[in-house]
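The values are calculated or read from the model by the stated rules, or taken from the named source; none is laboratory data. These numbers were taken from a predicted model, which means no experiment stands behind them. So basically every Cβ, Gly included, is an ideal-geometry build from the backbone, and we count neighbours across all protein chains shown. Surface accessibility is based on the protein's heavy atoms, side chains included, excluding ligands, DNA and RNA. Shrake-Rupley method; radii C 1.70, N 1.55, O 1.52, S 1.80 Å.
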Amino acid sequence: METRSSVFANPKPCKHLADYKLRHGLSGYKFLQKWLKTFPNGKTSIKMCETKMPKCSFCSGIRQGRLFLCLICSSMSCSDHTLLHSQSENGHDIAVDIERSELYCCSCSDQVYDLDFDKVVVAKNIVDMPSKTRDSVVDDLMRRSSKRRRLNSVVDLDLIRSKFFVWMRGRRAKSCYPLGLRGLNNLGSTCFMNSILQALLHAPPFRNYFLSERHDRETCRKRSSDQSCLACDIGVIFSAVYSGDRTPYSPAQFLYSWWQHSANLASYEQQDAHEFFISVLDGIHEREGKEINPNKDNGDCQCIAHRVFSGMLRSDLTCTTCGFTSTTYDPCVDISLNMDTSSFSSVDVANKSVRPNEDTGRSTLLACLDLFTRPERLGSDQKLYCQNCQEKRDSLKQMSIKRLPLVLSLHIKRFEHSSLRRTSRKIDWHLQFPFSLDMTPYLSPSIVRNRFGNRIFGFESDEADISAEFEIFAVVTHSGMLDSGHYVTYLRLQNQWYKCDDAWITEVDERIVRASQCYMIFYVQRMLYYKANEDLSCTPMPSRRDPFVPIAGCC
């Protein structure tokens, strides 16, 4: 355990940051210090001119996303153009996120950490505080930091900053925010992981399973010689997040376990959040599924991953010559949806960019679901064998949902890959999505009856056991370009929306959520959503001894 922790505890230092400090020293940090502004909630931002809105120097647009200030030339770039700025200006690699006052490497397209910069920010925070409060906080921070001398300096200061920000939020954070809202530290391009973890941590049936300690970590370790178990590590995160502590948590042990499960993705590079979601559920199934029901397939699996997220899709292939229909069923843990472009002009479709405030057509989630269940004529190169005609025929394919899951995960296909052109690009269309969703029109009985009429045979009532009415509880968004974007999760708890941006948790208006560029949308059965809100208590769950060896940098 000791040797493996060093593999992932500390990301490799950024060479561009090292080059910047070698050439310019700390002059840029000290010059920037006078522009830092600390707000009552403990958040520190770059103080901008009150009469002018910050704009990207490339697109000249006032964006709702992140903006970055170059430490060399003070030019402003949005998340889409930071890389372009570093490429056009030699040596202009290091910038500052003006909203969060955190260093960002434009060339690496990732947040970077520097002890000297953090000292500047923390010093400014303390200077801006009232004198009596400042003295007490400094004493407290020094006393706490002396107990952690075994930690390296970067982790130590990060811990001090976390405690400082929690203190600044004070009673408001402890009394107003629901239990379970806790930031997750970025461990080096891990916003994809943090965004999905926030959704999993607040999926009601998934949460209830782990908080009731249904997955016993001690028993799990005794059953298997493999020390890596994603379900065990998720249980550790649940215990930490619902303990009542507001300090941002570092899921380093979980990241290491996931790397062991998905060795081909083990790196500090940005990964796809949807791919990570599928990989995590697969990892949980591998351990729990084999123990609970080793001889059953995923459709009947009783592991927690499939009990919560698994549904069943129905595929009907109809021969256009004789009308013979063959039906197959496939289990799924999510539904991937193409963007519906029927209301867009040809120019919009070519540009792949439609903003929410433009007077153009909008794609809606309901239209995407209609497109998913719409009959599709297969091409001449996709002729399938007809059992009735005894030869290959043209056919129609129609998808429907035979069984709904408890938690419905919808994936919006925003990343387009062309094997012919060998290119990839992101689709930036805006998508409207409802907070309450009725899935009845997309169930197999509704789809087949619309096609054949009510005179057709009756249906086995497999979907009657689960309600078709859902409520939204999480939205994972992606901003930026294909290879250098940023993931953020919006959570809906007790009808209030919260933005989870790595370690930062803030309240937001629902209009911000509706205007976001959704990538994954999570719905839960309406009954479970309201039941979860009634049961959500602010009493911290009792802690128990963690069977894993503590790792430097982990909370």
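What percentage of the solvent-accessible surface of segment 484-534, computed with a 1.4 Å probe over protein heavy atoms, is contributed by carbon and sulfur atoms? C and S fraction of accessible area: 48 percent. A straight chain from Leu265 to Val508 at 0.36 nm per residue would run longer than the Cα-Cα distance by 84.2 nm. For segment 363-409, the fraction of 1.4 Å probe accessible surface lying on carbon and sulfur atoms is 46 percent.
May I ask you to derive the FRET efficiency for Arg449 and Thr328 from their Cβ-Cβ distance with R0 = 22 Å, giving the value to the nearest 0.05? Don't skip to the end; give the middle numbers.
Values: r = 19 Å, r/R0 = 0.89.
With a Förster radius of 22 Å, E is 0.65.
Of Lys55/Lys119; Lys37/Lys413; Lys402/Lys531, which ones are farther than 31 Å apart at the Cα?
Beyond 31 Å: Lys37/Lys413.
Less than 5 angstrom separates the built amide H of Ser189 from those of Gln111, all sequence-distant by 5 or more or on a different chain.
For Arg214, the accessible surface of its heavy atoms amounts to roughly 140 Å² (probe 1.4 Å, protein chains only, rounded to the nearest 10). When all protein chains stay in place and ligands, DNA and RNA are ignored, the 1.4 Å accessible-area order of Thr506, Thr440, largest first, is Thr440, Thr506.
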